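Comments concern the structure below.
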Amino acid sequence: MRKFLVVLDDSRECLNAMRFAAMRAAKTGGGVCILSVIPPDEFNHWMGVAEIMRAEARERIHAHFEVFAKWMRDKQGVDPELVIREGEPVPEIMAQITDDPDIGILVLGAGTDNKGPGPLVTQLTRQSGSLPIPITIVPGDMSKERLEAVT
């Protein structure tokens, strides 16, 4: 089964990427893999404090995932999987693509402010010629109705 890989982070545009991935998966008989990457700089503390922070980060990720997963199951009939990795986002995204041969498309949300599309979109589009899968970039301000129409 082909999976859509979507990155769960704290950005607003993440929501549209999640919606797009779920809608496409539902319409094509695919799956959704939600990847959340915990950056290493969150744990530059003493060992005990770092472990507590790591556990809190994982709890926060699971809580966000459950909101998206419930919507995907209830509205789209898609049961997503969650993968949590630790490290720098782009290398961890690439590692997930390499580790899971069922991933067929990377779905990213583009930021809407004047700072540009966001660091993940910028970095990954620079590498797009050498990626083993296509990237779909979803505008962060696209309406639900428009998303439904294009999926």
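Structural remarks
- A protection proxy built from the mean count of other Cβ atoms within 10 Å ranks the segments 122-129, 5-12, most packed first, as 5-12, 122-129.
- Cβ-based charge dipole, the chain, positive-most Cα from T28, T122, A55: T28
- Rounded to whole numbers, the Karplus 3J(HN,Hα) couplings from phi for the range 134-149 are x, 10, 10, 10, 9, x, x, 9, 5, 6, 4, 5, 5, 4, 4, 5 Hz, using 6.51 cos²θ - 1.76 cosθ + 1.60 with θ = phi - 60°, and x at Gly and Pro.
- Between the range 137-151 and the range 57-117, the Cα center-to-center distance that results, in Å: 17
- Under 5 Å from the amide H of I38 lie the amide H atoms of R85, E86, G87, each residue being 5 or more positions distant or on a separate chain, with H modelled from the backbone and absent for Pro and chain starts.
- Each of T28 and E59 was given a label point 7 Å from its Cα along the Cα-to-Cβ line. The distance between the two points is 3.7 nm.
- Mean residue ellipticity, 222 nm, helices only, the chain: the sum of -39500 (n - 2.57) across DSSP H runs of n ≥ 4, divided by residue count and rounded to 500, is -14000 deg cm²/dmol.
- R2 long-range amide H proximity, modeled H, under 5 Å: G31
- Only one item in (1) 15.9; (2) 16.9; (3) 16.3 matches Kirkwood radius over Cα pairs in Å derived from the coordinates shown, and that item is (1).
- In Hz, Karplus ³J(HN,Hα) per residue of the range 65-82 (6.51, -1.76, 1.60; θ = phi - 60°; x = Gly, Pro): 4, 4, 5, 5, 4, 4, 4, 4, 5, 6, 9, 10, x, 10, 9, x, 10, 10
- Assuming charge only on the beta carbon of Lys and Arg (+1) and of Asp and Glu (-1), the dipole of the range 3-150 about its Cα centre is about 580 debye to the nearest 20.
- Converting phi to 3J(HN,Hα) with the Karplus coefficients 6.51, -1.76 and 1.60 and the offset θ = phi - 60°, the range 108-117 yields 10, x, 9, x, 10, 7, 7, 7, x, x Hz in sequence order, with x at every glycine or proline.
- Remark on V78: its backbone amide H falls under 5 Å from those of R73, a criterion applied only to residues 5 or more positions apart or on other chains, H modelled at 1.01 Å from N.
Since every read-out is calculated from the coordinates, none of them should be taken as a lab result. Here the structure is a predicted model, which is why all the values come from computation and not from measurement. Virtual Cβ from ideal backbone geometry, glycine too; neighbours counted across all protein chains shown.
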